[in-house]
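Structure first, then comments.
Coordinate-derived values only; no laboratory data. Small disclaimer: the values here were computed from a predicted structure and weren't measured. Counting neighbours? That spans all protein chains shown, and the Cβs are built from the backbone with ideal geometry, glycine included.
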Amino acid sequence: MSYIPNIIFAILLVVGVGFFVQNIKKIIRNIKLGKDLDRSDNPSERWKNMINIALGQSKMTQRPVAGILHFIDYAGFIIINVEVIEIIIDGLFGTHRVFSFAGGLYSFLIGSFEILAFLVLISVIIFWIRRMILKIPRFWNKEMTSWPKNDALNILYFEMVLMSLFLIMNAADLNLQNLGAAHYVHAGSFPISSYIANWLPQSEGTLIFIERGAWWIHIIGIFIFLNYLYYSKHLHILLAFPNTYYANLNPQGEFDNLQSVTDEVKMMLDPDADPYAAPAETDTEEISEKFGANDVTDLSWVQLMNAYTCTECGRCTSVCPANQTGKELSPRAIMMKTRDRLEEVGKLIDKDGIESFKEKGDGKSLFDTMSNEEIWACTSCNACVTECPINIDPLSIIVDLRRFLVMEQSAAPQELNMMMTNIENNGAPWQYSQMDRLNWKDE
Ligand code: SF4
Ligand code: SF4
């Protein structure tokens, strides 16, 4: 019967990892619903970006307090989870502290994990205070209600519980080692949990109950956390890496042009071009495409990955001049709504299959949740792109939505229509002839 816990552990491991893999496959499939975009250029620059921005968190340090806390939280949480390798081996084979043969190195590692766990605990408590007591405005924008707000808090609570369990487990283990309990080898160093150990009861049976209880809840908590990621903004723990690698390397402010429109303009400006010539075959293909985007399938796969990667930190919105001057626009909300719509499409595909979705759709689009007012409030200043700690580009989505409104629906605001007509007729945005453009100098 002594092997029953090992079987239960193996089942939990397979179910926990199995669901996680299934969810990751779903995310990859949803991202692939986006249009092709070649981002294979300049790999060395891309690697550099990924190492600096995702691994080194270089953009986080622009706000030093949050940057340092986030770095402790991130590094600590990842490094401590190295301990999970030992937990998995112990769980599967019924061993206890299987790596303890490493002696001094093992003690060093367990000691370091404890210090990191303590620092993570402190940083998470400070994060909670910033969010719930100091009420930093970007955490309280109108898009941060219900699930987004709870999601941020859930993760903080998760981390508090996991780190506490890790320290309690070690504290009980230390007491059991000192009591010479069978199975509890003398191993590890416990710079933090040795203080907790003093508060625990000293009976062997109770200590084993506490140690085993903390061990099981800790590992089950990790499996739950792994699967919670899919539903959470904390997917950025994984996606920040590909997201920074595939980010746009062109200078900010350089917009991508539609090839068909570029060709058209070049032809108009070419005095030798034959305006009645049949378009080349490739042009026809290009022209038959939809201009801009009104749904997630019109966006590129990088834009969809951006939506899944967004941490909902609100740094973009806090620097957006449109948002700051009371306009409807929030670049964070643009990313959140894109992800929500992508999830909605993904669920439809799960239910009816991709062919059915391509054929029938669901009659909805991004414009069901994004208003024209929001989209036209953007000044295309790129502040949101500059500020984003993981190189997300909300502006590119806004531009594609605008492109759809202008080129597919002729639904540009009146002021823009006038300006475009003036450019077409007068070669300038103003409502008077080119010949009169220098009149001002005589006044
Ligand atoms: S580019 Fe648009 S959305 Fe981004 S900060 Fe500027 S105004 Fe706001
Ligand atoms: S787009 Fe970037 S800055 Fe804006 S909320 Fe998402 S992660 Fe934060």
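Could you tell me which Cys residues in the chain have no other cysteine's Cβ under 4.7 Å from their own Cβ, answering none if every one has a partner?
Singleton cysteines: Cys310, Cys313, Cys320, Cys378, Cys381, Cys388.
Which far-off residues, 5 or more places away or on another chain, put their amide H under 5 Å from the one on Ser300, with H placed in the peptide plane?
HN-HN under 5 Å from Ser300: Lys35.
Please give the length that would be gained between Thr369 and Ile122 if that part of the chain were fully extended, namely 0.36 nm times their separation in residues minus their C-alpha to C-alpha distance (nm, one decimal).
85.1 nm is the gain from fully extending Thr369 to Ile122.
Could you line up Asp400, Asp272 from fewest to most neighbouring Cβ atoms inside 10 Å?
Ordered by Cβ neighbours within 10 Å, fewest first: Asp272, Asp400.
Using 7 Å Cα-to-Cβ label points, what is the Asp436/Gln202 separation (nm, one decimal)?
9.9
Computed FRET efficiency, Cβ-Cβ of Leu179 and Ile51, R0 51 Å: what is it to the nearest 0.05?
Values: r = 47 Å, r/R0 = 0.92.
With R0 = 51 Å, the Cβ-Cβ based efficiency is 0.60.
So what's the convex hull volume per residue for the Cα atoms of the chain, in Å³?
About 205 Å³ per residue, rounded to a whole number.
Roughly what angle does helix 414-426 make with the longest principal axis of the chain, taking Cα atoms, 0 to 90 degrees, to the nearest 10?
Taking the Cα atoms of the chain, the angle to 414-426 is about 50 degrees.
Provide the three semi-axes, in whole Å and in decreasing order, of the ellipsoid equivalent to the stretch 321-443 as defined by the square roots of 5 times the Cα gyration tensor eigenvalues.
Semi-axes, largest first: 37, 20, 11 Å.
Take the Cα coordinates of the stretch 139-179, assign each an equal point scatterer, and use the Debye formula without solvent to give log10 I(q)/I(0) at q = 0.17, 0.30 Å⁻¹.
Relative scattering, expressed as log10 I(q)/I(0), comes to -0.57, -0.90.
Tell me whether the stretch 1-139 comes out rounded, prolate or oblate; compute the Cα gyration tensor, take square roots of the eigenvalues as a ≥ b ≥ c, and use a/c under 1.5 as the rounded threshold.
Verdict is oblate for the stretch 1-139.
In deg cm²/dmol, rounded to 500, what helix-only [θ] at 222 nm does the chain give when every DSSP H run of at least 4 residues adds -39500 (n - 2.57) and the total is split over its residues?
-19500 deg cm²/dmol
Compute the helix-to-body angle for 204-228: its Cα long axis versus the longest principal axis of the chain, expressed 0 to 90° and rounded to tens.
10
Roughly how tilted is helix 146-179, in degrees to the nearest 10 and between 0 and 90, from the longest Cα axis of the chain?
20
At 0.36 nm per residue, minus the direct Cα-Cα distance, what do Gln62 and Ile220 gain on full extension? Give it in nm, one decimal, please.
Working: separation 158, 0.36 × 158 = 56.88 nm, distance 3.61 nm.
53.3 nm is the gain from fully extending Gln62 to Ile220.
Pairs Lys26/Lys59; Lys35/Lys337; Lys233/Lys360; Lys233/Lys358; Lys32/Lys347: which are spaced more than 21 Å apart, C-alpha to C-alpha? Don't skip to the end; give the middle numbers.
Working: Lys26/Lys59 29 Å; Lys35/Lys337 18 Å; Lys233/Lys360 30 Å; Lys233/Lys358 28 Å; Lys32/Lys347 15 Å.
Table pairs above 21 Å Cα-Cα are Lys26/Lys59; Lys233/Lys360; Lys233/Lys358.
Can you tell me the mean projection area, over all orientations, of the convex hull of the stretch 1-40's alpha carbons? Units nm², please. Write down the numbers at each step before the final one.
Working: hull surface 14.9 nm².
Its average projected convex-hull area is 3.7 nm².
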